[in-house]
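One structure is given here, and the rest of the page talks about it.
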């Protein structure tokens, strides 16, 4: 693969679209490509760098799923175990079915209501009118947003993308592991993967070299997303990552460094399909061709956040696109796939 050709295409597309973020592509047998574009802080014209950390929104659900599978591997919990075995539903979630399992939560098939229901809502910022976003720092802080929601369907009935389900997984993890959710992920995943520039950073205490998320207004002006998303990410998403760090995670996960063979195979197995026929494992989307996985991928979208990352098993290609705008990552990812498809590296994804 001629990496200079891909770099040229990426530079051109970024210039045409005003893309702001960092792209990392690792092609087996070729040099690692890391390309930053745009500004981490628009007002001060501080440029994005390879080492800049970005919000990833729902892309963080995979870290929750890996954490839960690690606990299952140690015998601390069972994937088929009932949620009621680990949490006091009468106290916190009185409307939950007593038949919900951890597997249901991992696969978005629990049937519980969602604090942000993507089937019925389109303005994430409306949530914070009654529940101030600056109070949401740990999974338990989300309980008031979830506890009165009615069930939508019988557990296992269908796929319904559900942020609340992953919050509940975070509560279970804290109960079983005996430590805060963020501390668990940082100690059991980020540190072993040497993801030194990634973490659950609060918006009111961001470390140096972290990108501010920006929302474009109808008049073309920009504002930051600090009042638009929870102040700190957690079990349903919001981890900050650098694009190169994300590739370290793929290497560790697929190389067996985070999970043993059995639990890794289960996490990567198609567990359920959405209404469009796309498959979902545990915290990860799976694209198949003729029954064979050709792409494992995660994505995230929040006000001021756009994120895509993927692993292509046939070639071993990995990529990550971080972006501190509400959109932009998908187009860059598709352009990379189109360029590499001709080389047989993108698995016809």
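Below is a table of values for the structure above.
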quantity	calculated
Which numbered condition residue 36 fails, given (1) part of a helix (DSSP H, G or I); (2) under 26 Å from the mean Cα position of the chain (by Cα)	(1)
Selection within region 61-100 - in contact with a strand residue (DSSP E or B) (Cβ under 8 Å, 6 or more places away or on another chain) and over 14 Å from residue 151 (Cα atoms)	61, 62, 79, 80, 81, 82, 83
Scan of region 304-335 for residues that are assigned to a loop (DSSP other than H, G, I, E, B) and surrounded by 23 or more Cβ atoms within 10 Å (Cβ to Cβ), ordered by number	304, 324, 328
Residue check, residue 9 closer than 30 Å to residue 173 by Cβ and not assigned by TED's automatic domain parsing to the domain that holds residue 170	no
1 or more residues at pLDDT 95 or above and in contact with a helix residue (DSSP H, G or I) (Cβ under 8 Å, 6 or more places away or on another chain): qualifying helices (runs of 4 or more DSSP H) within region 143-192	163-177, 181-185
Residue satisfying all of: in region 216-236; in contact with a strand residue (DSSP E or B) (Cβ under 6 Å, 6 or more places away or on another chain) and buried (at least 18 other Cβ atoms within 10 Å of the Cβ); nearest to residue 167 (Cα to Cα) among these	229
Search result, residues across region 254-278 that are in contact with a strand residue (DSSP E or B) (Cβ under 8 Å, 6 or more places away or on another chain), buried (at least 16 other Cβ atoms within 10 Å of the Cβ) and under 30 Å from residue 35 (Cα atoms)	254, 268
Qualifying residue in region 49-64 (condition: crowded, with 22+ Cβ neighbours inside 10 Å and on the phi > 0 side of the Ramachandran plot)	yes
Single match in 277, 283 (criterion: at positive phi and either touching a residue at least 24 places away in the same chain (Cβ under 8 Å) or in a strand (DSSP E or B) (or both))	283
Exclusive hit being at pLDDT below 95 and either in a loop (DSSP other than H, G, I, E, B) or in the same structural domain as residue 260 (by TED's automatic domain parsing) (or both), set 195, 121	121
Per-region count, region 39-75, residues in contact (Cβ under 8 Å) with a residue 60 or more places away in the chain, in the same structural domain as residue 236 (by TED's automatic domain parsing) and farther than 21 Å from residue 239 by Cα	1
Candidate set from region 79-92 (those that are at pLDDT 95 or above and buried (at least 16 other Cβ atoms within 10 Å of the Cβ)); member that is nearest to the chain's Cα centre (by Cα)	79
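Yes/no per residue for (1) under 16 Å from the mean Cα position of the chain (by Cα); (2) more than 30 Å from residue 72 (Cβ to Cβ):
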site	(1), (2)
145	no, no
154	no, no
160	no, no
190	yes, no
193	no, no
219	no, yes
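Matching residues to (1) assigned to a strand (DSSP E or B); (2) touching a residue at least 12 places away in the same chain (Cβ under 8 Å); (3) on the phi < 0 side of the Ramachandran plot; (4) assigned by TED's automatic domain parsing to the domain that holds residue 26:
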position	(1), (2), (3), (4)
208	no, no, yes, yes
212	no, yes, yes, yes
215	yes, yes, yes, yes
218	no, no, yes, yes
227	no, yes, yes, yes
245	no, yes, yes, yes
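The values are calculated or read from the model by the stated rules, or taken from the named source; none is laboratory data. Keep in mind it's a predicted model, so treat the numbers as computed, not measured. Backbone-built Cβ (ideal geometry, glycine too); neighbour counts: all protein chains shown.
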